[in-house]
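A short worksheet on the structure shown next.
The values are calculated or read from the model by the stated rules, or taken from the named source; none is laboratory data. Every value quoted in this text rests on a predicted model; they were computed, and no experiment measured them. Cβ atoms come from the backbone with ideal geometry, glycine included; neighbour counts cover every protein chain shown. Side chains are part of the model used for accessible areas, which takes the heavy atoms of the whole protein and leaves out ligands, DNA and RNA. Shrake-Rupley method; radii C 1.70, N 1.55, O 1.52, S 1.80 Å.
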Amino acid sequence: MTAGSARALAHPNIAFIKYWGNANADLRLPSNGSISLTLGGLDTRTRVSFDPDLRQDTITVDGHALSGEAEKRVVRVLDHIRQLARVGARARVESRNSFPTGAGLASSASGFAALALAATRAAGLSLDTQELSRIARLGSGSACRSAWGGYVEWLAGRNHAGSYAVQIAPPEHWDIRDVVAIVSRRPKAVGSSEGHALAAGSPLQAQRIADAPRRLAVCRDAIVQRDFTSLAGIVEEDSDLMHAVMASSTPPLTYSTPVSLAIQRAVRQWRSEGLPTAYTQDAGPNIHVLCLPEAEDMITTRLRSIAGVLDLIHTAPGGPAREIEFDDPE
Ligand code: DP6
């Protein structure tokens, strides 16, 4: 068949219950399920054009050509889609992030979710969100959650068909804000993919995985019931547990800086004083400070007063990956 072009947009997400470690690294089947919130206001926009005149896939992100491992991950997703759609042509992929790469927010989740949607549409396929999430997962695990908007759970599964994301609740279910405190703009020394491979070497990882069903259930219930106190407790516990696994891997991974730790301490203190807020930290030093809308101004003022906080990025629950028209503003 002849294939064409399509454009799609997707948002990043912040994990409340983290994905850390793979049961199958090639298929990105995670060692445990995870739960996240899709973050509106930030996005990746990707255009995919299958072109019979191209001799190889050409991929740019923010105007720069991808090469090496990063390029291979994209080609792998494209190959999967070509096989599904019986398309032979190579593709031109142009991707842009609305947030700077140096902002320390992972763009792989929004990037691979936008790619999965744009490339399947360009190849003439019309897939449901669960199937899109499986395809996005092949590029980056956390990307499967960005196929959906709002509150999302990635069911770990035991094979490709069984490992996909479902929506727990739409974005309008609960207005939680994520104020991202940027404490470093330096690219991280060890990326997530390398980090996942080290997880099994930590003596704490088996315990973390065994206890994951409990943490997932507490988090799911807190979201359904809009219980911020319960959510705050489980989100911080899960984040701390992942960083304990990282710290006890060989070699150990330390993503926190003294400023990251100072923010975490401050957030715990503010919650004990009655502010509805909680922290979570991914594979980098920046701290995601979650809060209810009524606390956002106060949290913003207080975060700004912490020495070493370089910038704050404000987000609210966002929608699913969606197709966009060619004449949509960039
Ligand atoms: C700490 O999805 O970035 O953010 O599959 O290798 O691309 P790859 O890893 P990635 O890992 C995310 C790790 C995390 C936790 C999470 O988002 O669940």
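Looking at the square roots a ≥ b ≥ c of the eigenvalues of the Cα gyration tensor of the range 62-188, which shape do they give, rounded for a/c under 1.5, prolate if a/b is larger than b/c, or oblate?
oblate
Which angle from 0 to 90°, rounded to the nearest 10, does the C-alpha axis of helix 212-225 make with the longest principal axis of the chain?
Between the helix axis and the principal axis of the chain, the angle is about 80 degrees.
Kindly report, to the nearest 10 Å², the accessible surface of residue 49 as traced by a 1.4 Å probe over protein heavy atoms only.
The accessible area comes out at roughly 20 Å².
Roughly how many nanometres apart are two label points built 7 Å out from the Cα toward the Cβ at residue 254 and residue 304?
3.2
Order of 128-139, 229-240 by packing, highest average Cβ count within 10 Å first?
Top of the packing list down: 128-139, 229-240.
How many percent of the accessible area of the chain is carbon or sulfur, using a 1.4 Å probe?
Carbon-and-sulfur percentage of accessible area, whole number: 52.
Using the per-residue mean of other Cβ atoms lying within 10 Å as a proxy for protection, in what order, highest first, do the peptides 164-177, 296-309 fall?
Answer by packing, highest mean first, reads 164-177, 296-309.
Which of the peptides 280-293, 79-92, 53-66 is most tightly packed, and how do the rest follow, going by the mean number of other Cβ atoms within 10 Å of each residue?
Descending mean neighbour count gives 280-293, 79-92, 53-66.
When the chain is fully extended, how far beyond the present Cα-Cα distance does residue 189 get from residue 247, taking 0.36 nm per residue of separation?
That pair, residue 189 and residue 247, stretches by 19.4 nm at full extension.
Enter the accessible area per residue of the chain (Å², integer; probe 1.4 Å; all protein chains in place).
With the other protein chains kept in place, the chain gives 42 Å² per residue.
Work out how much length residue 159 to residue 172 would gain on full extension: take 0.36 nm times their residue separation and subtract the Cα-Cα distance, in nm to one decimal.
1.5 nm
State the answer as a single residue: which of 169, 319, 216 lies farthest towards the positive end of the charge dipole of the chain, with beta carbon charges of +1 for Lys and Arg and -1 for Asp and Glu, about the Cα centre.
Going by the Cα projections, it comes out as 216.
What do you get for the angle between helix 129-139 and the principal long axis of the chain? Use alpha-carbon atoms, 0 to 90 degrees, nearest ten.
90
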